[in-house]
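K.L.:
Please find one structure pasted underneath; my questions will follow.
The values are calculated or read from the model by the stated rules, or taken from the named source; none is laboratory data. Please read these numbers as outputs of a predicted model, since none were measured by experiment. Please note: Cβ atoms are built from the backbone with ideal geometry, for glycine as well, and neighbour counts cover all protein chains shown.
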Amino acid sequence: MTHPVRDLKIKNGFIRMLAAESARLGTELPGLETPDEQASLASASSVRERYAPMHRLLAPDDESFLIQRGLRAAAKKLRREHRNCYFGYVARLAREIRGARRLHTLAMASEGHWSFWILLAHAVLSESSLLYLRWLGFRHAAGVQVAARDVRECLDFLIAESRFRLATS
């Protein structure tokens, strides 16, 4: 479920729209109940820690530091390496989310809570978020400065608002 007070703090309009749509769909899609809420929070925290480097990979800080020292070639190489690492994280996250979505769909089907249109809507929301993360990487490649906040908000939406349990390892 979304939290109205927290959602107002989301600066990025696209992520705010996805959160609102997820909240609208959330009442129609039965979730898998977890017996231990603490385990669920620990799982989300573990996933956040695993993808935490994504926030910094598109930040210009390291590149600016090298340029100030007169190392333009090193800065360009570092920028390219950071971007490649970022896209690696996005690819891994996409695999995890799609795998979790498949497992969630199977669980829903076995419980008799099957709704193709709701599952499709949630798939579109998660794929839109992944596409947005890729778009941020492409903006970085084009030389446009990317705010770490945009990456963080999109990741938080994918992790906290998704109905899927991502692997904690």
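K.L.:
Please verify whether the stretch 32-39 includes one or more residues that are surrounded by fewer than 14 Cβ atoms within 10 Å (Cβ to Cβ), of a type in the set (Ser, Thr, Tyr), within 20 Å of Leu103 (Cβ to Cβ) and modelled with pLDDT under 85.
P.N.:
Yes, the stretch 32-39 contains a residue that is surrounded by fewer than 14 Cβ atoms within 10 Å (Cβ to Cβ), of a type in the set (Ser, Thr, Tyr), within 20 Å of Leu103 (Cβ to Cβ) and modelled with pLDDT under 85.
K.L.:
Could we say that Ser22 is in a helix (DSSP H, G or I), within 25 Å of Leu119 (Cβ to Cβ) and at pLDDT below 60 here?
P.N.:
No; evaluated as a whole, the condition is false for this residue.
K.L.:
Right, here's the next one. Restricting the stretch 115-150 to residues that are assigned to a loop (DSSP other than H, G, I, E, B) and either touching a residue at least 60 places away in the same chain (Cβ under 8 Å) or of a type outside the set (A, V, I, L, M, F, W, C) (or both), which is farthest from Met17 (Cα to Cα)?
P.N.:
Once the filter is applied, the top-ranked residue is Gly143.
K.L.:
Follow-up. Going through the stretch 50-68 one residue at a time, which ones are more than 17 Å from the chain's Cα centre (by Cα), surrounded by 14 or more Cβ atoms within 10 Å (Cβ to Cβ) and not hydrophobic (A, V, I, L, M, F, W, C)?
P.N.:
Correct list: Pro60, Asp62, Glu63.
K.L.:
Further, regarding this structure: Go through the stretch 129-169 and give me each residue that's modelled with pLDDT under 85, in contact with a helix residue (DSSP H, G or I) (Cβ under 7 Å, 6 or more places away or on another chain) and not aliphatic (A, V, I, L, M).
P.N.:
Of everything in the stretch 129-169, those that are modelled with pLDDT under 85, in contact with a helix residue (DSSP H, G or I) (Cβ under 7 Å, 6 or more places away or on another chain) and not aliphatic (A, V, I, L, M) turn out to be Phe157, Glu161, Ser162, Arg163, Phe164, Arg165, Thr168.
K.L.:
Return yes or no: is Leu71 within 12 Å of Val151 (Cβ to Cβ) and surrounded by 12 or more Cβ atoms within 10 Å (Cβ to Cβ)?
P.N.:
No, not satisfied.
K.L.:
Further, regarding this structure: Given the conditions (1) part of a helix (DSSP H, G or I); (2) over 17 Å from Gln145 (Cα atoms); (3) modelled with pLDDT of 65 or more, and given that Asp7 satisfies all but one, which numbered condition is not satisfied?
P.N.:
(3)
K.L.:
Among the residues of the stretch 74-114, which ones are among the β-branched types (Val, Ile, Thr) and either without any contact (Cβ under 8 Å) to a residue 60 or more places away in the chain or surrounded by fewer than 17 Cβ atoms within 10 Å (Cβ to Cβ) (or both)?
P.N.:
Val90, Thr105
K.L.:
Within the stretch 57-114, track down each residue that is assigned to a loop (DSSP other than H, G, I, E, B), out of contact with any helix residue (DSSP H, G or I) (no Cβ under 7 Å at 6 or more places or on another chain) and closer than 26 Å to Cys154 by Cβ.
P.N.:
Pro60
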